[in-house]
């Protein structure tokens, strides 16, 4: 079973819905999910928000956050995930922002991707983020980042659920 199939099984088993907010992966996560029949029951929406204005307009990312931290930052990816959850009945959001390449941007090397996951559990939103570097050409970075971001969801979700149960 590949990472996307494992994610879909997780969504089904936990009866949760997903939404995505993608900048550098440009809809790649939605493309990967759309290959599976029945995913519409577990997928609410997919935002592709390249420009700072789109991040602000569609996801409510503060221009101050963008100005203070830069577009390729965990702060922006977290705000994107949180914004996607606010506008959706979904329980889980995943967001990506970064530099796919081939050239660096603002001294950030190509292949740098900030990923955030948001989980709404019992009305509370839990956020997790990390910055990763993916090697290869632009398309390799897009594909690898999308697979990684989707593949981490089951583990992170279960960690939060177990943490809540142990409180």
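As I understand it, the value is the acute angle between the Cα axis of helix 138-151 and the longest principal axis of the Cα atoms of the chain; what does it come to in degrees, rounded to 10?
Here the helix axis deviates by roughly 30 degrees.
What ranking of 133, 126 emerges when the number of other C-beta atoms within 10 Å of each C-beta is taken as an exposure proxy, fewest first?
Listed from fewest to most nearby Cβ atoms, that is 133, 126.
At 7 Å along Cα-to-Cβ for each site, give me the label-to-label distance between residue 164 and residue 5 in nm.
That separation, rounded to one decimal, is 2.9 nm.
So what's the angle, to the nearest 10 degrees on a 0 to 90 scale, between helix 3-14 and the longest Cα principal axis of the chain?
Result, in degrees: 40.
Rounded to the nearest 500, what is the chain's calculated 222 nm mean residue ellipticity when only DSSP H runs of at least 4 contribute -39500 (n - 2.57) each, over all residues? Walk me through the intermediate numbers first.
Working: 7 runs with 74 residues, N = 167.
Value at 222 nm, helices only: -13000 deg cm²/dmol.
Quick one: angle between helix 74-86 and the longest Cα principal axis of the chain, in degrees between 0 and 90, rounded to 10, please.
40 degrees
Contact order normalised by length for the chain, with contacts defined as Cα pairs under 8 Å and 6 or more residues apart; what percent is it? The partial results should precede the final answer.
Values: 319 pairs, mean separation 39.3, N = 167.
It comes to 24 percent, rounded to a whole number.
As a test of the definition: which semi-axes, in Å, follow for the chain when you take the square root of five times each eigenvalue of its alpha carbon gyration tensor? Largest first, please.
Working: eigenvalues 116, 68, 41 Å².
Rounded to whole Å, the semi-axes are 24, 18, 14.
Taking the alpha carbon gyration tensor of the range 17-82, what are the square roots of 5 times its eigenvalues, largest first, to the nearest whole Å?
In descending order, the three semi-axes are 25, 11, 9 Å.
Could you list 88, 23 so that the one with the fewest beta carbons within 10 Å of its beta carbon is first and the one with the most is last?
The fewest-first ordering by Cβ neighbours comes to 88, 23.
Readers should treat all values here as calculations from the given coordinates under stated rules, not as data from a laboratory. Bear in mind the structure is a predicted one, so any value in this text is a computation, not a measurement. All Cβ positions, even for glycine, are placed from backbone atoms using ideal geometry, and neighbour counts span all protein chains on display.
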